[in-house]
Structure formats: C-alpha cells, structure tokens
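Everything below concerns the one structure shown next.
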Amino acid sequence: LSSVFEELVMSRCPTFIQPTALAPKWEVDLTDFRKGWQECALDLIAILNEARARGKKVVEIEMGHFRYRITFEGCGMAVQENLMTRKKRTLRCADIGSDSGISLPPEMPIPSPSPSAEPRWFVKIHNQWKEQVDDVADMLEDAYQRGRSEVCYSTGPHVHKAVLSRMVQVNIRTGRERQIRRVGPRGLASHVGSVGGRLQVYLDRGWKNIPDDHAAEIAERAFKGETVFRTNFRGWDYEIDLDKVTQRNCSTGRSRSLRLVDAAGVHAPSWNHDEGMTAAYRRRYQELCRGAEGGLSAAMATAVWKEKNLGRPDGHWRNVLIEQGAKLLFDRISLGEGPVTEDEWAHYWTLAAAAPSGHALQLIQQELRDGPGRSVLRKLLETFEGADSAAHGDITLEEMQAACQLLQMICKEEDIVANAQKWVEEVPSEFSVDDSLNYFDFVSELVGRPRADVEIYHYDISNGLSSVLAPLFLGMVMEGVWHTGVVVYGREYWFGGSIFESPPGATPFGTPKKITRMGSTVCTRHELRAQLEQQLAREYTKDSYDVLSHNCNNFSDDVAMFLVNQHISEEVRQQPALFSNSLVAKALRGPLNSYLGGFGNAAQKFRDSQREVQDRTQKEWDALHVGSLVVYTAEGRLAVVAEILYKEETTCDLWWWNPAGSGEATFDEQQSVSLVNVQPLNPPKSTGRLAERRVGLVLRARDAQGSCSVS
C-alpha cells in the first residue's frame, strides 16, 4: 500500500486542474532525494503564480495537515519551508529560460522507472485490494497522466465514476464509494507538500491520530521513496512498513495497522509551544468577542465572520453558509445554557484537533453535557497542559497517572475522580508501554467513553454433515459450513439477500455452533447504522448475493473491520475458495443462492428500514437543485451545511463554510459527492442561486494582510 503514502505526501490534492499553456510552471529541487528538479503540484503552482502576480514577498499556505512558508527571492527563485519539520527546498520558475540571463542550478538526471515499475491500479473490495482489469487501468492511468479529475467506465453491468481528486470509485447507480489506489511511478508532477490526509494507528481502544511530528517524519521518509524504514519516537524505535501499512515496535514486537483518513475540514493545531496548547484558541475567542463580556454567542461571532464578505460578488451565498454553519458549530461547542465561555471554546477546538473522528468528538461532548458540564473544563485543560511538560500535545502513561493524582485533589466531580483513581491504581490493560495520550484520549478516560463487545456467531448450515462429506469431496476435515453474523449492542446483524437485524441467536439458522469474541469497539450504534444505510445496504442486496463470492461472511468481515479493524477467521473467509472447484458446489450454487439469499420474511429485519431509507433518499434527492442547502456527511467527519453548486444523476458538487478555532475560517469544496451523503435541511432551504458551477480548486495563501484564493 505504498501508494497510500504516496498520496499522503505527493498527490493528495483537493482536485486536479489543468493549467493554461501561458501559466508559468514551477519546479522543486529534489536533488537530496536523487530526483533532480521536478514540477510542483498544480495546486502549489496556482498559489505561487497568484502570489507572485500580487507582488507578495512571503506567503504561508495550508495544505491538508501541514503549513508552509514560501519566500520569493527574485529572478524566478523561491524557498519553501515546512513549518513543522523546518525542511527547506528551493523552487524555481521553470518558464524562465536562458534568454533571461538567469543561471539556474544544473539538473540531476531522473532515473527511468524499470519495466517492473509500470503503474498498476487497484480497488478495495471486501477489505482486499484487487487489481483493476487492463482496460479500466488504462483509462485510469490516462486520466491520471492528463490531470483529469474524473473518468467513467464500466465493469460488467456496473457503471462507475472514478474521482481522482479523492481516489474513490463511485457506483453510478447505488452511490457506493470504494477506495482506489495507484502503485508505481508518479505520472503527474510531484505534489510537493500537498498533504490531504491524517495518519492514524489502530490501538486496542480504537483509531488514534499519530502525533504531528511523527507523522511528518513518516511523510518525509515516504517522500524519499522508502517503503520500509525505522523511526524513533519518544524513545521507542518503530519499523514502518508502507507495503503492509503497519507500525511495529522494535522492542516489544507488537504490530499495529495504519491508515490514512480524509483530513478535509480539519484545521491543523496552530499553537506555539512556548505559549501553550490553548493560547491561540483563547486569543481568537477574545478577537470574536470584541471586548464584550458575558461570553460569545453565535450571533456575535457570525457578525464578525460576515464582515470579510462585504463587497464580494458571492457575499450573499457566503453569508448564508456562515449563518447556517455558525448555528451548527455553537450547538456542538456549548455544554450548557447561554453564551459559549472561553474555556468551552478552547476545549472544543483542542478536542477536535485530537479526535479520531467527528462521531467520537460529538460523543465525548455529549458525555460532558450529560455529566459535569462546562464547570470542569478549566481543570481538565490546565491539568493536561501541566502534564505535557515537553509541549508535544500528548502525554506518557506516567504523566497521565501524575495528572490523575492531581485531579483527585482539585476536582469535585465524582465520576472524574473515580476514573482518575482507577488510573492511579493501575494503567488500563488496553494500553501498551509505548502508548501516549492526546487531549482527546485524556478526556475520554476521565469522562468514560462507552465500549461494546463484538462477537461473531457461527452457524453450521450443513447441520453436521460437513464433518462426514468434506473428507470425501474435498479431501479434508471441516468443522462446519459456516454462516456468520455479527453481534454488537445486543443485536445480531447478518446478510441473507438483505441486511437483517435480529436478537442474538434468533435467526433462521438455529443455535450458533460456536461464538468468537472479536474484542470491543468504541463505535456507537448510530455510527454502525449510518455505515449500514449509507454504504453496505446499497451493496448487499438480493441481486448481488452469491454463495461463493458475495455472501454473509463477506458482510460479517466488512462489519468486523469497521468495528474493531479485524478480519473474521481465516477458516471462514477461505471456505468459498475451497468449494469453488467442487462439482457439487457448482451444481448447488443456484439453489443455495435462492435459499441463502432469499430471506424475505425474517422477523426483526433491517430490510424494511433499509428500503424506507433508500426510497426516502431518492425522493429527497430528486427534489434538490442547484442552490439547495443540504447536510453533507462523510465517514469520520462532522456534518456540515453545504450548498449544491452542480448536480448530476447520482452526484453533486458542494461548497461549505469551514470554521477554525484560531485564525481565519475557510470555504471548502468537494466534487462528485454521492447522493447517499447529502440530506436536505428541514425545512428545505435554498440560497436562490440559479446558475450552476462545477467545483474547481480553492486553496488558501495566507500573509500578513489576510488571505487570497485561487479558484
């Protein structure tokens, strides 16, 4: 999966755009990586030309989770500095030729890729990367090389649209999205500094953001083309394997999964180590208050945010999005009645920067809202900052225990004191010796984040005959021919032509022969239901059921991976491969598909709500138009209020207001959003826009005078 991290560092752009022939191009000096001069990312080229045209000397840009300072030195030369790693690279305007009299640094030859390094394209199906067929791969590679943002193709009866700006494949009919990836040499110029993802590691307690300084080091190593390498972080040596996408502790031998998640809408923490973690957030709070006392209301903040739109031709539409977004934001921040306090503001943005997902953030906020409320925030913030002596943004297990001892003395909230006492007595078993806690982990441990056990129920649909027949027909011993279901939150979820939700063990398959515990999950029932309705229910249908290639066990594996990041047993997943060459299996394939994929009358079925959701979704979608305001949701991200700019049969282009806890808010855009990810506001609202507009590229280049954008 090295291309995942190629995307992390080099090709994760909001969209691809084709520069005009007259637009000057820029190159970056990569001689330290033995790559010579290479063309910069298209988004970076746009910002450089914009800034130079305006006479800027220094600009700061934000791309994904990192910030960069670009200093123009004249004669078509500039220096780019990563403000996290302090790594500097030289840039040059490639269109300045020898006629200008400028002597440019000599180029270092770029080695040609070997024949074995031909680009290959993959799609993720059933949690496995499968190579695209040649015709599809050729179309994807052609679009990639030309800088196109979308390409359509068919695979059998299905028509798909590949959105290369997000590296996803969208089924035109169902709206189901799948990840795609490219393995091989870069076809486009280096997208230097275009980091559009957040790197996470899976721990026993769920996904966690890798600290920024460690993620930056991994990104730099990946940029050099390394796929397996060692890093040292907080005194521990780790082996990073980008092919397997794992992190292994070299001392303990423990291996963990890594993943790259969409960081769109997530502003990088902008705190100064000398000032403290919350200083920038508190300063922004005071700026929004404008000297007023008694707290900050949504109306006060909205008035300040809207000031920047005075005189803009699109000011009306921007103001509508700000008004809607501000209401949503303040509802999430507030933990009590009345205006938002400074502690609430600082706490929320610190928590949001560390939370692994939008659902996790809202869950902890609700736990605080139902429990101690805003009164405990000052103690939590000050205690964590005091424990984080190195100002890394995360604390060690020993620092956590010391912080809990302090909270026992200064805090009066019984639940927090009780949870702190548990930590003082013993570090919870789900933590390893090399673990650390960011602010989200810290608050979660103290307020209590609910967990649910996850189990796999195994049913032998052969009723014991497999132990007799398998040796005869397959030449091997087999415990059972398995149907599986996933049990969590006191319910069993299974696939039999539709997705069903039943009391555990109350399925048409009788009593489970064995039960396997998969661990516990911090995902909520709401998160699972959203995953079922928005993604899996559109793929796991009666028409798609196949006993050998798309069955109940594939569904159970998808759900288990979502909940606990673990596959179901190898024995179960490999059974279709064992049967595929059997004459008996081929003869019974049709009848088995009709039986196992045709449970239409099972009690307590998820199918009814599934149909209702799909019918309602389609009806609501048909009523939407350009200018409609919608709630846009995507896996792992907080919902936002967005405006439809362009609409097709099953996708649309959106833009929305994206607030920030420190610094200026931004307006973000997304191309080809599936209909399953949008819902109309209730009651329906529109901005009044009539003319459609395809989403282009919007990037920020900040300087002392404010911000400029290229679109």
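The values are calculated or read from the model by the stated rules, or taken from the named source; none is laboratory data. A quick note: this is a predicted structure, and the numbers were derived from the prediction, not measured. Cβ placement follows ideal geometry from the backbone for every residue including glycine, while neighbour counts extend to all protein chains displayed. Quick note on the areas: whole protein, heavy atoms, side chains included, nothing else; ligands and nucleic acids left out. Shrake-Rupley method; radii C 1.70, N 1.55, O 1.52, S 1.80 Å.
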Problem - Meets criteria (out of contact with any Leu (no Cβ under 6 Å at 6 or more places or on another chain), at positive phi and surrounded by 18 or more Cβ atoms within 10 Å (Cβ to Cβ)) for residue 448 - result: no
Completion exercise
Apart from one, (1) under 27 Å from residue 385 (Cβ atoms); (2) touching a helix residue (DSSP H, G or I) at 6+ places or on another chain (Cβ under 8 Å); (3) among the small types (Gly, Ala, Ser) all hold for residue 373; the odd one out is (2)
Practice task
From (1) more than 26 Å from residue 534 (Cβ to Cβ); (2) surrounded by fewer than 16 Cβ atoms within 10 Å (Cβ to Cβ); (3) at pLDDT below 90, pick out the condition that doesn't hold for residue 682.
Solution key: (1)
Practice task
Scan the range 233-253 for residues that are assigned to a strand (DSSP E or B), open to solvent by 20 Å² or more (accessible area, probe 1.4 Å) and in contact with a helix residue (DSSP H, G or I) (Cβ under 8 Å, 6 or more places away or on another chain) and jot them down.
Solution key: 233
Handout entry: Residues of the range 399-434 satisfying the condition of being within 22 Å of residue 247 (Cβ to Cβ) and either of a type in the set (Lys, Arg) or surrounded by fewer than 18 Cβ atoms within 10 Å (Cβ to Cβ) (or both)
Key = 427, 428, 429, 430, 432, 433, 434
Completion exercise
residue 516 fails exactly one of (1) closer than 29 Å to residue 637 by Cα; (2) of a type in the set (Val, Ile, Thr); (3) at pLDDT 85 or above, namely (1)
Exercise for the section: Could you list all residues from the range 501-520 that are touching an Asp or Glu at 6+ places or on another chain (Cβ under 8 Å), open to solvent by less than 50 Å² (accessible area, probe 1.4 Å) and at negative phi? Expected result: 501, 502, 503, 507, 518, 520
Exercise for the section: Mind counting the residues in the range 291-303 that are exposed (fewer than 14 other Cβ atoms within 10 Å of the Cβ) and in contact with a helix residue (DSSP H, G or I) (Cβ under 7 Å, 6 or more places away or on another chain)? Expected result: 1
Practice task
Report, by residue number, each residue of the range 131-145 that is among the aliphatic types (A, V, I, L, M) and at pLDDT below 85.
Solution key: 143
Problem - Considering residues of the range 183-213 that are in contact with a Phe, Trp or Tyr (Cβ under 6 Å, 6 or more places away or on another chain) and either buried (at least 22 other Cβ atoms within 10 Å of the Cβ) or at positive phi (or both) only, the residue modelled with the lowest pLDDT - result: 193
Practice task
Out of the residues in the range 637-653 that are touching a residue at least 60 places away in the same chain (Cβ under 8 Å) and in contact with a Phe, Trp or Tyr (Cβ under 9 Å, 6 or more places away or on another chain), state the one that is surrounded by the fewest Cβ atoms within 10 Å (Cβ to Cβ).
Solution key: 639
Problem - In the range 41-59, residue least open to solvent (accessible area, probe 1.4 Å) [restricted to those that are at pLDDT below 80 and outside any helix (DSSP H, G or I)] - result: 41
Exercise for the section: Please list, ordered by first then second residue, the pairs with beta carbon atoms under 6 Å, 6 or more apart or interchain, first in the range 404-433 and among the β-branched types (Val, Ile, Thr), second outside any helix (DSSP H, G or I) and open to solvent by less than 20 Å² (accessible area, probe 1.4 Å). Expected result: 417/411
Problem - Considering residues of the range 355-383 that are open to solvent by less than 50 Å² (accessible area, probe 1.4 Å), small (Gly, Ala, Ser) and more than 26 Å from the chain's Cα centre (by Cα) only, the residue farthest from residue 337 (Cα to Cα) - result: 371
Problem - Qualifying residue in the range 384-394 (condition: open to solvent by less than 50 Å² (accessible area, probe 1.4 Å), aromatic (Phe, Trp, Tyr), out of contact with any strand residue (DSSP E or B) (no Cβ under 8 Å at 6 or more places or on another chain) and over 24 Å from residue 525 (Cβ atoms)) - result: no
Exercise for the section: Search the range 316-353 for residues being among the charged types (D, E, K, R) and part of a helix (DSSP H, G or I), and hand back the single one that is least open to solvent (accessible area, probe 1.4 Å). Expected result: 344
Exercise for the section: Residues being more than 19 Å from the chain's Cα centre (by Cα) and open to solvent by less than 10 Å² (accessible area, probe 1.4 Å): count how many of those fall in the range 654-665. Expected result: 1
Handout entry: Check on residue 148, more than 25 Å from residue 243 (Cβ to Cβ), in a loop (DSSP other than H, G, I, E, B), open to solvent by 40 Å² or more (accessible area, probe 1.4 Å) and at pLDDT below 80
Key = yes
Completion exercise
Within the range 500-541, the count of residues that are assigned to a loop (DSSP other than H, G, I, E, B), within 26 Å of the chain's Cα centre (by Cα) and under 18 Å from residue 173 (Cα atoms) comes to 3
